[in-house]
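Below you'll find the structure, written out as structure tokens, and then a few comments.
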């Protein structure tokens, strides 16, 4: 397991390294002090399993920087770590395809919990940001078009993705293997023309599906 920690403050990188080492025993940790070195490391290593990236790091132009990382690491969970906690910044990281957001003021235990959630396939963002998505984005699809595009089992998987559940949690809830869940997710992403679970969850929010206990039930 390889984990990238990219932050321009050495002291904070050291702190994150300790948390990562305690959370993921045996993980190989790679460090970068700016956006350029992070991209260079990704080009050399390639197989990064989890990326922790400072939103305010030199060379990283906010939204565009995270978008570039998502292009380089299409299937890797990206967690943004930032000293900024305003809704606009958090919303930008979500739109750019990050899987989670950690304020630098978070406790050690909180950071570890978020990293575990994201690594297992879940997403983590403040509830108030997720709650306002449907008022910020024009839905590219409708509830009806999503139902028509997916099988009943895929709809069940997507419903749990919308609730932020990890692959392990989805597998347990639906009595599937994690491998089968990943296969369903791949089919869902292709059918909905999204590239990751964050985008799928945003799509659910944009059409109001997360508001119902049975979001994909026929009207």
Alpha-carbon spread of the chain, three principal axes, descending order, Å: 54, 35, 32
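Could you sort the peptides 14-21, 91-98 by per-residue average Cβ neighbour count (10 Å cutoff), highest mean leading?
On the way: 14-21: 16.1, 91-98: 22.1.
The most tightly packed comes first, giving 91-98, 14-21.
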Need one number: nm distance between label points at residue 108 and residue 144, each 7 Å from Cα along Cα→Cβ, rounded to one decimal. 5.5
Using Cβ contacts closer than 10 Å as the measure, can you line up 29, 111 from fewest to most? 29, 111
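What do the square roots of 5 times the Cα gyration tensor eigenvalues come to for region 148-192, in whole Å, largest first, as semi-axes of the equivalent ellipsoid? Walk me through the numbers before you get to the answer.
Working: eigenvalues 50, 22, 17 Å².
Output for region 148-192: semi-axes of 16, 11, 9 Å.
For the chain, what is the relative contact order in percent, using Cα pairs closer than 8 Å and at least 6 residues apart in sequence? Could the numbers behind the result be given before it?
Values: 322 pairs, mean separation 35.5, N = 219.
Relative contact order here is 16 percent.
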In degrees from 0 to 90, rounded to the nearest 10, what is the angle of the helix 152-162 Cα long axis to the longest principal axis of the chain? 40
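Rounded if a/c is under 1.5, else prolate if a/b beats b/c, else oblate: with a ≥ b ≥ c from the C-alpha gyration tensor eigenvalues square-rooted, which is region 2-126? Each step should come with its number before you reach the end.
Values: a/c = 1.24, a/b = 1.03, b/c = 1.21.
It is rounded, given that a/c, with a ≥ b ≥ c, falls under 1.5.
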I need 1, 57 ordered by Cβ neighbour count within 10 Å, fewest first. 1, 57
Rounded to the nearest 10 degrees, what's the angle between the helix 197-206 long axis and the longest principal axis of the chain, both from Cα atoms, 0 to 90? 50
Potential lengthening between residue 173 and residue 71 on full extension [0.36 nm per residue; Cα-Cα distance subtracted]: 33.6 nm
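Within 10 Å of each residue's Cβ, count the other Cβ atoms and sort 50, 174, 192 from fewest upward. Please report the intermediate quantities before stating the final value.
On the way: 50 23, 174 15, 192 20.
Exposure proxy ranking, most exposed first: 174, 192, 50.
Could you order the peptides 70-81, 180-191 from most to least packed, using the average number of other C-beta atoms within 10 Å per residue? Walk me through the intermediate numbers first.
Working: 70-81: 19.2, 180-191: 17.0.
Result, highest mean first: 70-81, 180-191.
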To the nearest 500 deg cm²/dmol, what mean residue ellipticity at 222 nm is calculated for the chain from DSSP H runs of n ≥ 4 alone, each contributing -39,500 (n - 2.57), summed and divided by the residues? -15500 deg cm²/dmol
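Where a number appears in this text, it was derived from the coordinates with a stated rule and is not lab data. Given the structure is predicted, the values throughout are model-derived calculations rather than measurements. Counting neighbours? That spans all protein chains shown, and the Cβs are built from the backbone with ideal geometry, glycine included.
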